[in-house]
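Worksheet: the structure to be examined is printed underneath.
The values are calculated or read from the model by the stated rules, or taken from the named source; none is laboratory data. What you are looking at is a predicted structure, and each value in this text was computed from that prediction instead of being measured. Because the Cβ atoms are built from the backbone with ideal geometry, glycine has one as well, and the counts that use them run over all protein chains shown. Areas reflect the complete protein model, heavy atoms only, side chains present, ligands, DNA and RNA absent. Shrake-Rupley method; radii C 1.70, N 1.55, O 1.52, S 1.80 Å.
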Amino acid sequence: MFILDHKKIISSALIASVVLFGTACNAEDEKTPAKAVETKVAEVAKAPEKKAEAAPVAKTTASGEQAIDGGAVYKVVDGMYTSYAVNTQEMKDFKYGKTPSKTEEAAWDIDVMPDGTGLPEGSGSVERGDELYEEQCAMCHGEFGMGGKGSRSTYPTLSVGEASIESLTYQRVGDNTDGPKRVIGTYWPYASTIFWYVQSGMPFPHPKSLSDDDTYALTAYLLSANEITIDGEELDDEYVLDREKFLKIKMPNQDGFIPNIDGPTGPADVKKFYNDPSNYGNGTRCMKDCLDGKKPNIVRIKTEISNFEPPMSIERNIKVEEAAGPVHPGLKVYEASCSVCHATDAMGAPNVGNKEAWDAALEKGIDKVYSNGIDGINAMPPKGGAVDLTDAQFKAAVDYMIENSK
C-alpha cells in the first residue's frame, strides 16, 4: 500500500471531478488548451445481416470554457462530446408535476450556510440535547457518539472525545499505527453542517420532526461531546446554545480544506486552484513521462499493525468466551441483525426490555411472532433484511429478545 504526502485535505466534493476530468480533458499541451482533438465515433451496424461500417470521424474543439479542475470543456459536435454520444433532442413542455409555491419552497429550503444564512432563532441546552440524544440517537451512534455495536456499527461515529485535528496527519508510518479520526470535532469544518443535517435528515425513522430548539440542543450536545469550546467557554450541561453564540463557533478543522468552495466566487476559486498544477500532484500537467526521470515522493508503510486484540482471524466459528455464564444462542444474531431497530422504541418496533410491547406481540402466540418476523410485517422486511439467516437462527434471536423483556 502506498500513501502520498498531502499538505491539506482537498475538498471531497471535488475529488470526482478531478478523477473524471483530470485525464482526457488535460491530455493536450497546457499552452494550447483549444487544440483540436481527433476522435473516432464507434462503429455502428446498419443492419444485423450487414457488416458494420465505420462512422465518419468527428472533430471537436475546446469551447474556451474551463472545467472545475482547470481542464478544457469541449463543444458538442454532431451529437458527440469528444467520443461520448449526447442526447441533443429538444426537451420542453413537460406536463409532469407543478411549480412549487413559495410556501412549499420555504418548507424544504432549510439549508444552513457557514455564514449563518438560514440559521433560525432558537435555543437549547446541552442537558436537553443529552436527553434527546439518548432517546433518538444513541441506538445508532452509540453512547456519547462513540459508535454503535453490531448492526449499528455501520452508522457514523460522531465523537472520539476530543477536538484535536492532529490525527488527520496520521498515515500509519514510523511508530504511529493509528489512522485519521474523521468525526465532528476533528474533521468537520463548519458547525452549520451539524444543524441542517440533524434537522433535515435526523432522526432516522422520522426526519424533520425536531423543532428549532431541539436541534439547537442536540447540536450543543454533539459539540460538547467533541470538547468544542465557544469563545473559550466549555459547553457544560447548563450551557445554552442560541443563534448569537452559534455564529461564534470556529471548528478546529475550519481551515483544513482546500480549495475554498464557499461564497459566490467558490466555483471560480476552485477552477483557479486546479488550473495551477503547483497546488497538487507533481506540479506539472501531463499524461506521460510525468516524472521525467525523477523518483515519486512516496511514503511507504513501515510499521504494520499486527498486535490486534483479539488476534485477527478469518475463522467464522469463533466461540464467545463464557465469562459470566453461558451466552444466549440468539445474542450474536440480535447484535448483528436486529439491534438497530429493537434496541429502542424510537424505531416503532418492540424494543428489548419493553415487557408490555412484547406481551402484546405474543397475544397470538409465539408461532405467529416467528412467522411475522420470517415473512415480514409492516415496515419490517423478512427476517429484518438478514435473508441469509436460517429460520432457526432467526427464532433464536427472537427468543433472546423475548427472554430479556420479561
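Brief remarks on what is shown
- Filter result for VAL398 (of a type in the set (A, V, I, L, M, F, W, C), in a helix (DSSP H, G or I) and under 35 Å from the mean Cα position of the chain (by Cα)): yes
- Flag: LEU222 does not match the condition of being touching a strand residue (DSSP E or B) at 6+ places or on another chain (Cβ under 8 Å) and either hydrophobic (A, V, I, L, M, F, W, C) or surrounded by 14 or more Cβ atoms within 10 Å (Cβ to Cβ) (or both).
- Where a residue in the stretch 363-386 is more than 17 Å from ILE402 (Cα to Cα) and its partner, wherever it lies, is surrounded by 14 or more Cβ atoms within 10 Å (Cβ to Cβ) and β-branched (Val, Ile, Thr), with Cβ under 7 Å and at least six apart: PRO382/ILE374
- Any hit, the stretch 127-143, residues being of a type in the set (Asp, Glu), open to solvent by 60 Å² or more (accessible area, probe 1.4 Å) and closer than 18 Å to LYS245 by Cα: yes
- Selection from the stretch 240-269 of residues that are part of a helix (DSSP H, G or I) and open to solvent by 80 Å² or more (accessible area, probe 1.4 Å): GLU244
- Residue match in the stretch 314-332 (condition: at pLDDT below 65, of a type outside the set (Val, Ile, Thr), open to solvent by less than 70 Å² (accessible area, probe 1.4 Å) and out of contact with any Pro (no Cβ under 9 Å at 6 or more places or on another chain)): yes
- Residue in the stretch 91-106 that is within 30 Å of SER224 (Cβ to Cβ), exposed (fewer than 10 other Cβ atoms within 10 Å of the Cβ) and not small (Gly, Ala, Ser) present: no
- You will find that of GLY376, GLY365, the residue that is modelled with pLDDT of 85 or more and farther than 18 Å from GLU335 by Cβ is GLY365 and no other.
- Neighbours by Cβ (under 6 Å, 6+ apart or cross-chain): first from the stretch 155-170, polar (S, T, N, Q); second part of a loop (DSSP other than H, G, I, E, B) and surrounded by 16 or more Cβ atoms within 10 Å (Cβ to Cβ): THR157/GLY147; THR157/VAL183; SER159/VAL183; SER159/ASN226; SER167/PRO180; SER167/LYS181
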